[in-house]
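Participant: To start, I am sharing the structure in question, which I have written as structure tokens.
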Amino acid sequence: MGKSVLLIIGGGIAAYKSLELIRLLKTRGIGVRAIMTKAAAEFVTPLSVASLSGEKVHSALFNLTDEVEMGHIELSRSADLVVVVPATADLMAKMAQGLANDLASTTALATDKPVLIAPAMNVRMWQHAATQRNLATLETDGIHVVGPNEGDMACGEFGPGRMAEPVEILAAIEVLLASAPKPLAGRKILITAGPTREPIDPVRYISNHSSGKQGYALAEAAVRMGADVTLVSGPVSLPKPFGVKIIDVQTADEMLAACEKSLPADGAIFAAAVADWKVAHSAANKIKKQKSGEVPTLTFVENPDILKTIATGKMRPQIVVGFAAETEKVIEHAKAKLEKKSCDLIIANDVSEGVFGTNRNTVHLVGKSGVEDWPQLSKAEVANRIMAHLAGLLK
């Protein structure tokens, strides 16, 4: 029998995203039953929800037919996971205080299943002390939270409070529904991802084409396998993985400091494309054009070697894995890097073939015992295989 969720749809403009979430869940073979608050029906129709879910939509607490058999109790126990989308300030307050004055809040209180909420509200409401107290209470009670994101809002303001996108919520649901073995349970894993940006002046910087997709896929795979994951991320345009502690950085110096602060760890995977050099002295003000034909001279110095520093440090993780993005002699350069960096494994790939920014990768595992070549795979599958390999090494 497949997995199922009970979707509680709150009353907010973000309720329209619940329709896309239902569609995504159905494509994954996950069953959906829905409860709508009275306010939710002001934004999306019960008919739309019922048509997409293929199930009756529930809204009234005192429905004679349903309550003869204690329908709210049956609803609260029938699914594998309860998901509140959007979790308005009102719903969060009710859940935090244990109120039960409508079907949605009563069901949330009566359930014995895991609960995931996706908050969505005005930035001032989200930042209000009362909302933050309620959030802290819910998290202490074991409620899982995805989002909110920062962005433009329907009210015209900008900031945190925008509901996570349906694909982000789906990823969180799949993590919570996963029944596969957890080979990394109890393990702490450190991962780096994305590029670094080394400033030239306040408006210019040196960077590279790394999208961060492979590192983020590694973090998601590690969480699914039960790991406690810290992701040190350079600037990327990717949704934050559910269940991952993320430390955002810009420069190589900041990335190294964040990695050292995140130790100890059982395993570390350095997938970030760190700039090898930085400008010796970045300008305090924007560098202006000089006379025609005159070009400013930039003096570079080496950035810290994050992989080697961690691999040779006093708090070295048990297993250290590096990445080698090469444009020629991929295996040869990877073997040299394995020796030079004092790590346990190098994941090598040829980036001359336009890997940056795509969803596929072809990698080679270079270790002290030899080279293992993998076929072209999705970055998600590459991540699954790498984390399974890491789990084996940690045994």
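Participant: Could you say whether any residue in segment 207-217 is more than 28 Å from residue 300 (Cβ to Cβ), more than 12 Å from the chain's Cα centre (by Cα) and not hydrophobic (A, V, I, L, M, F, W, C)?
Facilitator: No, segment 207-217 has no match at all.
Participant: In the list 348, 275, which residue meets the criterion of being in contact with a strand residue (DSSP E or B) (Cβ under 8 Å, 6 or more places away or on another chain), crowded, with 16+ Cβ neighbours inside 10 Å and either within 22 Å of residue 206 (Cα to Cα) or basic (Lys, Arg) (or both)?
Facilitator: Only one candidate passes the filter, namely 275.
Participant: Scan 320, 301 and give me the residue that is β-branched (Val, Ile, Thr), crowded, with 20+ Cβ neighbours inside 10 Å and over 21 Å from the mean Cα position of the chain (by Cα).
Facilitator: 320
Participant: Only residues that are part of a helix (DSSP H, G or I) and touching a residue at least 60 places away in the same chain (Cβ under 8 Å): list them for segment 88-99, please.
Facilitator: 90, 91 - these are the residues of segment 88-99 that are part of a helix (DSSP H, G or I) and touching a residue at least 60 places away in the same chain (Cβ under 8 Å).
Participant: Return a yes/no flag: does segment 277-288 have any residue that is under 24 Å from residue 394 (Cα atoms) and not in a strand (DSSP E or B).
Facilitator: no
Participant: May I pose another question? Would it be correct to say that residue 234 is under 25 Å from residue 361 (Cα atoms), of a type outside the set (Phe, Trp, Tyr) and in contact with a helix residue (DSSP H, G or I) (Cβ under 6 Å, 6 or more places away or on another chain)?
Facilitator: no
Participant: Which one of 170, 218, 176 is in contact (Cβ under 8 Å) with a residue 12 or more places away in the chain and touching a Pro at 6+ places or on another chain (Cβ under 7 Å)?
Facilitator: One residue alone meets the criteria, 176.
Participant: If residue 292 satisfies all but one of (1) touching a helix residue (DSSP H, G or I) at 6+ places or on another chain (Cβ under 7 Å); (2) loosely packed, with under 15 Cβ neighbours inside 10 Å; (3) farther than 18 Å from residue 391 by Cβ, what's the number of the condition it fails?
Facilitator: Condition (1) is where residue 292 drops out.
Participant: Across segment 103-127, which residue is nearest to residue 163 (Cα to Cα) among those that are touching a helix residue (DSSP H, G or I) at 6+ places or on another chain (Cβ under 8 Å) and of a type in the set (D, E, K, R)?
Facilitator: By that ranking, first place goes to 113.
Participant: Here's something else I'd like to know. At pLDDT below 95, within 28 Å of residue 261 (Cβ to Cβ) and surrounded by fewer than 14 Cβ atoms within 10 Å (Cβ to Cβ): which single residue out of 286, 379, 368, 395 fits that description?
Facilitator: Details: 286 fails: within 28 Å of residue 261 (Cβ to Cβ); 379 fails: surrounded by fewer than 14 Cβ atoms within 10 Å (Cβ to Cβ); 368 fails: within 28 Å of residue 261 (Cβ to Cβ).
None of the other options fit; the residue is 395.
Participant: Please return the ranges of helices (runs of 4 or more DSSP H) entirely within segment 11-73 where 2 or more residues are surrounded by fewer than 16 Cβ atoms within 10 Å (Cβ to Cβ) and at pLDDT 90 or above. Before the answer, list the steps.
Facilitator: Numbers: elements: 17-27, 46-53, 64-67.
Hits in segment 11-73: 17-27, 46-53.
Participant: Residue 387: among the hydrophobic types (A, V, I, L, M, F, W, C), modelled with pLDDT of 90 or more, touching a helix residue (DSSP H, G or I) at 6+ places or on another chain (Cβ under 9 Å) and under 24 Å from residue 236 (Cα atoms), yes or no?
Facilitator: yes
For (1) in contact (Cβ under 8 Å) with a residue 60 or more places away in the chain; (2) part of a loop (DSSP other than H, G, I, E, B); (3) closer than 24 Å to residue 326 by Cα, each residue gets a yes or a no:
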| residue | (1), (2), (3) |
| --- | --- |
| 214 | yes, no, yes |
| 242 | yes, yes, no |
| 258 | no, no, no |
| 275 | yes, yes, yes |
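The values are calculated or read from the model by the stated rules, or taken from the named source; none is laboratory data. All values derive from a computational prediction rather than experimental measurement. Glycine gets a Cβ as well: all are built from the backbone with ideal geometry, and neighbour counts include every protein chain shown.
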